[in-house]
Protein chains: 2
Amino acid sequence: MTSFTVAVRIVPRRGLLDPQGKAVADALHSLDFAGVQDVRVGRYIVVSLRADNAEAAEADVRRMCEQLLANPVTEDFELENARPLAAGATS
Amino acid sequence: MTSFTVAVRIVPRRGLLDPQGKAVADALHSLDFAGVQDVRVGRYIVVSLRADNAEAAEADVRRMCEQLLANPVTEDFELENARPLAAGATS
């Protein structure tokens, strides 16, 4: 078993209202960032886990997204490639 | 002026306590993902904006991070490369 980190980008599904993104866009306009057209606020989750290989690590994290991390109704998620974690560095 | 999207990954600074990540890790253990060692929960923000070119778009978003999007005390941020937005697609 090797340690890997797999990062996940979770974003509100395109076309759905994103009130938090709207609030951030309004705040940016107040700060004179006039060029801002749209903001979407999602989550970026980095999971460190033990797995046999990179493919198994990614498959595990995909199941985590489906079961817990992402809301399948309102969010889309995308996995980044698993990276081996340097030995001993778990935090 | 062209429209670009610039995505930002914001994560809790390494070494700082991340209670939300700890809660997610505990929940994953309860779901029998025994290999999970650590979880860090950050934000993934996608900004669509008008700018003269990709470099200007990235510079703008970097300033947004410094002024509003990221907490300089507790968080690190990383910009992804600006991508031109297809004409007319702003949502």
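None of the figures in this text is laboratory data; all of them are computed from the coordinates on show. Everything numeric here is computed off the predicted structure, so don't read it as measured data. Note: ideal-geometry Cβ built from the backbone for every residue, glycine included; neighbour counts use all protein chains shown.
The table that follows gives values for the structure above.
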read-out	value
Folded to 0 to 90 degrees: helix A:19-30 orientation relative to chain A principal axis, Cα	60
Value in Å of the Kirkwood radius, where chain B supplies the Cα pairs that are averaged	14.9
Rounded to the nearest 20 debye, dipole of chain B from Cβ charges on Lys, Arg, Asp, Glu	100
The protein assembly as shown, Rg to Rh (Cα coordinates; Rh as Kirkwood inverse mean 1/r)	1.00
At 7 Å out from Cα toward Cβ: B:T2 inter-copy label distances (nm, ascending)	3.8
Averaged over A:51-61, number of beta-carbon atoms from partner chains that fall within 10 Å	1
